[in-house]
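A.B. asks: Provided herewith is a single structure, encoded as structure tokens, for subsequent inquiry.
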Amino acid sequence: MDLFIAIFQGIIVASTPLVLAAVGELVVEKSGVLNLGVEGMMIIGAVTSFIVTYETGSHFLGLIAAVISAGLIASLFGLLTQYLLSNQVATGLALTLFGLGLASLIGQTYSGISLNAFPVFDVYLLTEIPIIGSLLFNFDYLIYLSIIIVVSVYYFLNKTKLGLVLTAIGDSHDSAHSLGYSVKMVRSLAIIFGGSCAGLGGAYLSLVQTPMWVENMTAGRGWIALAIVVFAVWRPLWVLVGAYIFGGITIIQLHVQAVGVNIGAQYMSMMPYLVTIIVLVFISMNKNRLAVNAPNCLNKLFTSDL
Amino acid sequence: MFTLQKKDTIDQSSLYTVPLIAIGCSLIFVFILFLLIGKNPFLAIFIIFIEPLLSVFGLSELIVKATPLIIIALGLSIGFRAGVWNIGAEGQFTIGALFGGAAILAFYPTSGIWILPLSFFIAIGGGILWGMIPAFFKARFNTNEILVSLMLTYVAILFLSGMVYGPLKNPEGFNFPESRLFHDSGTLPIIFPGTRAHIGFLIALFLAGLMHYLLKRHKFGFHVKVSGESTRALVFSGRTANYMVYLSFIISGAFAGLAGVIEVSGPVGQLVPAIPVGYGFTAIIVAFLGRLNPFGIFFAGLLLALTYIGGEAAQIRLGLPNAITGVFQGVLLFSLLAAEAFTKYEVSLKKMR
């Protein structure tokens with residue numbers, strides 16, 4: 001039972017950065033923009049939150065720093081793609097390269113230092129409940145925040161006017177524009193929101209998962225977050241399912257190795273990537289499912305006045 | 001705010017001005033960055049961008065680093081012209097290195113002039129094979145080729161590592177994760193004695209010329225151009241829409257695979273887990289900086305190679321982290337994309353409503 005609880009907690013902790021980054025990217029893609037810079041925004045969030053937390057001793061300020069810094073470099077992406085009409089794929093790649101480089105540069109003197117553990121959400125009696133207490137009420141508050149963000153995004157996209165406008169812009173920017181909605185403004189806001197979420201995901205890595213700064217510590221999670229959005233077929237609640245499955249594969253693969261199953265470590269580590277490919281293929285095979293939720297204008301240039 | 005008006009014709013001189021403006025902006029950015037982190041910006045820029053060009057060693061290393069960048073970027077440029085996004089050249093490069101290296105090792109004690117050509121052949125096949133996976137899914141099910149080719153990069157890097165830790169490990173190597181050193185029949189001839197500059201650079205130069213010819217004079221170039229304009233036009237020109245998807249991945253896979261075997265039989269000389277160092281990603285910038293033009297790519301490859309060597313020099317001499325190379329490359333691509341807007345569109349200011 002203890003092993004089960006340990007695996008369960010491990011999965012939740014491994015998945016939360018993916019949940020945060022993926023739900024942010026989902027909103028961006030719903031508005032019709034493909035931002036491939038998730039990895040770069042995550043690592044910027046990871047390094048700034050670490051530095052600010054280390055210098056001020058406040059985890060909260062660290063999180064704020066992650067949200068602001070990642071939102072800022074996301075707005076650079078927004079400026080280029082929305083107002084200078086640059087190619088989204090190339091700009092996203094530039095964001096990733098730039099973010100990884102800049103993070104290593106500013107984190108240079110901080111590498112190897114570790115932080116105090118992140119405070120656990122500790123409601124006295126709830127945590128004491130056997131099994132369920134450890135399964136549900138023994139986490140840091142960011143995990144609960146990530147779930148709240150997912151549910152809010154679901155509510156926002158489906159039940160609020162602005163959410164429906166955003167979806168409409170993603171489906172047909174020309175019609176939305178003729179109705180008088182500001183396509184560029186809504187998309188820019190979505191991009192900044194996506195960046196802030198990715199930044200929080202990065203902060204989770206450097207403040208909670210392994211409370212230290214390591215160069216390139218995102219290790220491809222930004223790309224997996226992009227795959228999770230497709231896996232979820234652009235439905236917010238499915239982002240949770242997708243992220244927990246991917247986190248699960250990572251953790252279970254570690255435990256299988258620990259038990260001593262005799263497959264090379266490298267082949268086990270391939271699992272999350274191979275599963276991502278298989279899932280992507282299966283989802284794209286089923287065209288009807290994709291068609292309902294996929295934003296029609298994804299990665300298409302919007303040029304008003306042209 | 002401002003508005004953008006599409007220009008009717010694109011100024012031909014933008015082929016040169018856009019990359020130059022982008023390089024200028026990036027230099028200004030790193031100049032400010034050096035000031036902020038308290039290093040002498042003039043000295044740092046001199047060490048990174050000028051000094052490597054002043055010695056035989058620096059120049060020969062420039063050639064060594066530029067070779068894989070140019071070859072991979074030439075292959076990628078075809079797909080990018082046609083709107084097919086192969087982001088996984090790093091993986092195809094790694095598989096080329098692994099397949100080619102394994103072929104060289106398979107004939108270990110034997111020597112012969114046929115070993116290198118055979119390993120090149122196998123490496124190119126490996127690169128194509130790896131590139132065909134995303135191409136097939138893209139053509140068959142319209143699966144996103146960006147994500148699939150990228151995921152396959154991680155798989156390829158782990159596969160190389162698994163092979164070098166396993167079957168390809170040097171039996172006399174005290175259990176270190178590296179293969180045997182290739183013998184003379186498995187290493188590329190050196191152009192300038194005493195340096196690492198090898199014949200692969202001439203291959204890169206030849207391929208740039210070949211690509212230029214194909215794009216300008218051959219029907220192939222016409223299809224590439226047409227498919228970049230629209231899929232419908234490609235269909236009217238007598239090809240199916242999937243033709244360009246397969247062709248792009250075959251070419252970029254083959255070129256990346258070739259670059260991989262050139263890297264292991266050239267400067268590296270054996271298989272190690274650290275062969276993939278990001279050339280496949282940097283080559284994307286090379287392709288864009290070179291404006292997808294074969295000779296543009298040639299010079300862009302040399303420039304980006306300079307940032308690698310200069311970055312290493314700055315690390316040793318100034319204690320700057322190697323990451324400065326990545327920052328410069330990212331800023332360069334940003335400035336390039338921004339500068340492009342000013343050539344495609346007429347920018348005019350307008351009052352806010």
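The values are calculated or read from the model by the stated rules, or taken from the named source; none is laboratory data. Treat the numbers as computed from the prediction; the structure is a model and nothing was measured. All Cβ positions, glycine included, derive from the backbone under ideal geometry; neighbour counts span all protein chains shown. The accessibility values were calculated without ligands, DNA or RNA, using every heavy atom of the protein model including side chains. Shrake-Rupley method; radii C 1.70, N 1.55, O 1.52, S 1.80 Å.
A.B. asks: Of all residues being among the β-branched types (Val, Ile, Thr) and open to solvent by less than 10 Å² (accessible area, probe 1.4 Å) in region A:228-254, which is modelled with the lowest pLDDT? Just the residue, please. Working first, answer last.
C.D. replies: Of the residues in region A:228-254, the ones among the β-branched types (Val, Ile, Thr) are A:228-230, A:233, A:239, A:241, A:245, A:249-252.
Within this subset, residues satisfying the condition of being open to solvent by less than 10 Å² (accessible area, probe 1.4 Å) are A:228-229, A:233, A:239.
Numbers: A:Ile228: 88, A:Val229: 89, A:Val233: 82, A:Val239: 92.
Looking at residues that are among the β-branched types (Val, Ile, Thr) and open to solvent by less than 10 Å² (accessible area, probe 1.4 Å), I get A:Val233.
A.B. asks: A further question on this structure: Filter region A:91-120 for residues that are of a type in the set (Val, Ile, Thr) and either in a strand (DSSP E or B) or within 7 Å of chain B (Cβ to nearest Cβ) (or both) and give the result.
C.D. replies: First pass over region A:91-120, keeping only residues of a type in the set (Val, Ile, Thr): A:91, A:96, A:106, A:109, A:113, A:120.
The answer is A:Thr91, A:Val120.
A.B. asks: Would you mind stating whether B:Val148 is part of a loop (DSSP other than H, G, I, E, B), open to solvent by less than 30 Å² (accessible area, probe 1.4 Å) and within 30 Å of B:Asn242 (Cα to Cα)?
C.D. replies: Criteria not met by B:Val148.
A.B. asks: Output the residues belonging to region B:35-75 that are outside any helix (DSSP H, G or I) and open to solvent by less than 60 Å² (accessible area, probe 1.4 Å).
C.D. replies: Within region B:35-75, B:Ser55 is the sole residue that qualifies.
A.B. asks: Filter region B:279-300 down to the residues that are out of contact with any Ser or Thr (no Cβ under 8 Å at 6 or more places or on another chain) and over 25 Å from A:Gln88 (Cβ atoms), then identify the one that is most open to solvent (accessible area, probe 1.4 Å).
C.D. replies: Filtering first and then ranking leaves B:Phe299.
A.B. asks: Look at region B:284-341 and say how many of its residues are of a type in the set (S, T, N, Q), part of a loop (DSSP other than H, G, I, E, B) and facing another protein chain (nearest Cβ under 7 Å). Walk me through it before giving the result.
C.D. replies: The first filter runs over region B:284-341 and keeps only residues of a type in the set (S, T, N, Q), leaving B:293, B:307, B:315, B:322, B:325, B:329, B:335.
Pick out the ones that are also part of a loop (DSSP other than H, G, I, E, B) and you get B:293, B:322.
After this cut, where a residue has to be facing another protein chain (nearest Cβ under 7 Å) as well, the list is none.
Residues in region B:284-341 being of a type in the set (S, T, N, Q), part of a loop (DSSP other than H, G, I, E, B) and facing another protein chain (nearest Cβ under 7 Å): 0 in total.
A.B. asks: Restricting the search to region A:16-55, which residues are without any contact (Cβ under 8 Å) to a residue 40 or more places away in the chain and hydrophobic (A, V, I, L, M, F, W, C)?
C.D. replies: Residue satisfying the conditions is A:Val52 alone.
A.B. asks: Let me ask something else. Grab the helices (runs of 4 or more DSSP H) fully contained in region A:173-247, keeping just those with 3 or more residues being closer than 14 Å to A:Leu26 by Cβ. Break it down stepwise before answering.
C.D. replies: Details: elements: A:173-178, A:183-204, A:221-231.
So the answer is A:183-204, A:221-231.
A.B. asks: Follow-up. Take the conditions more than 16 Å from A:Val208 (Cα to Cα) and modelled with pLDDT of 75 or more and apply them to A:Ile143. Does it pass?
C.D. replies: Working: more than 16 Å from A:Val208 (Cα to Cα): no; modelled with pLDDT of 75 or more: yes.
For A:Ile143, the condition - more than 16 Å from A:Val208 (Cα to Cα) and modelled with pLDDT of 75 or more - is not met.
A.B. asks: Ok, one more. Which residue out of A:Leu61, A:Leu79 is open to solvent by 20 Å² or more (accessible area, probe 1.4 Å), at pLDDT 90 or above and within 14 Å of another protein chain (Cβ to nearest Cβ)?
C.D. replies: A:Leu79
A.B. asks: All but one of (1) at pLDDT 90 or above; (2) under 25 Å from A:Leu93 (Cα atoms) hold for B:Ala82; which doesn't?
C.D. replies: Condition (1) is where B:Ala82 drops out.
A.B. asks: Just to check your reading of the model, which residue among A:Ala168, A:Ala176, A:Ala190 is at pLDDT below 85 and within 23 Å of A:Asn35 (Cα to Cα)? Working first, answer last.
C.D. replies: Values: A:Ala168 fails: at pLDDT below 85; A:Ala190 fails: at pLDDT below 85.
Only one candidate passes the filter, namely A:Ala176.
A.B. asks: One residue is enough: does region B:171-194 have a residue meeting the conditions surrounded by fewer than 22 Cβ atoms within 10 Å (Cβ to Cβ) and within 14 Å of chain A (Cβ to nearest Cβ)?
C.D. replies: Within region B:171-194, one or more residues are surrounded by fewer than 22 Cβ atoms within 10 Å (Cβ to Cβ) and within 14 Å of chain A (Cβ to nearest Cβ).
A.B. asks: Output the residues belonging to region B:1-34 that are open to solvent by less than 30 Å² (accessible area, probe 1.4 Å), modelled with pLDDT under 75 and within 14 Å of another protein chain (Cβ to nearest Cβ).
C.D. replies: If the condition is that a residue be open to solvent by less than 30 Å² (accessible area, probe 1.4 Å), modelled with pLDDT under 75 and within 14 Å of another protein chain (Cβ to nearest Cβ), then B:Thr3, B:Leu4 are the ones that fit.
A.B. asks: Which of the following residues is part of a helix (DSSP H, G or I), buried (at least 22 other Cβ atoms within 10 Å of the Cβ) and among the hydrophobic types (A, V, I, L, M, F, W, C): B:Ala139, B:Ala135? Outline the logic, then answer.
C.D. replies: On the way: B:Ala139 fails: buried (at least 22 other Cβ atoms within 10 Å of the Cβ).
None of the other options fit; the residue is B:Ala135.
A.B. asks: Could we say that B:Thr110 is part of a helix (DSSP H, G or I), assigned by TED's automatic domain parsing to the domain that holds B:Met244 and either modelled with pLDDT of 95 or more or surrounded by fewer than 24 Cβ atoms within 10 Å (Cβ to Cβ) (or both) here? Can you show your working first?
C.D. replies: Working: part of a helix (DSSP H, G or I): no; assigned by TED's automatic domain parsing to the domain that holds B:Met244: yes; either modelled with pLDDT of 95 or more or surrounded by fewer than 24 Cβ atoms within 10 Å (Cβ to Cβ) (or both): yes.
Judged against the criteria, B:Thr110 is not a match.
A.B. asks: Oh, and also: Pairs, please: C-beta under 6 Å, at least 6 apart or cross-chain, first residue within 15 Å of A:Ala227 (Cβ to Cβ) and within 9 Å of chain A (Cβ to nearest Cβ) and in region B:133-152, second open to solvent by less than 10 Å² (accessible area, probe 1.4 Å) and assigned to a loop (DSSP other than H, G, I, E, B)?
C.D. replies: B:Phe137/B:Thr143; B:Ile146/B:Ile87; B:Leu150/B:Ile87; B:Leu150/B:Gly88; B:Leu152/B:Gly88
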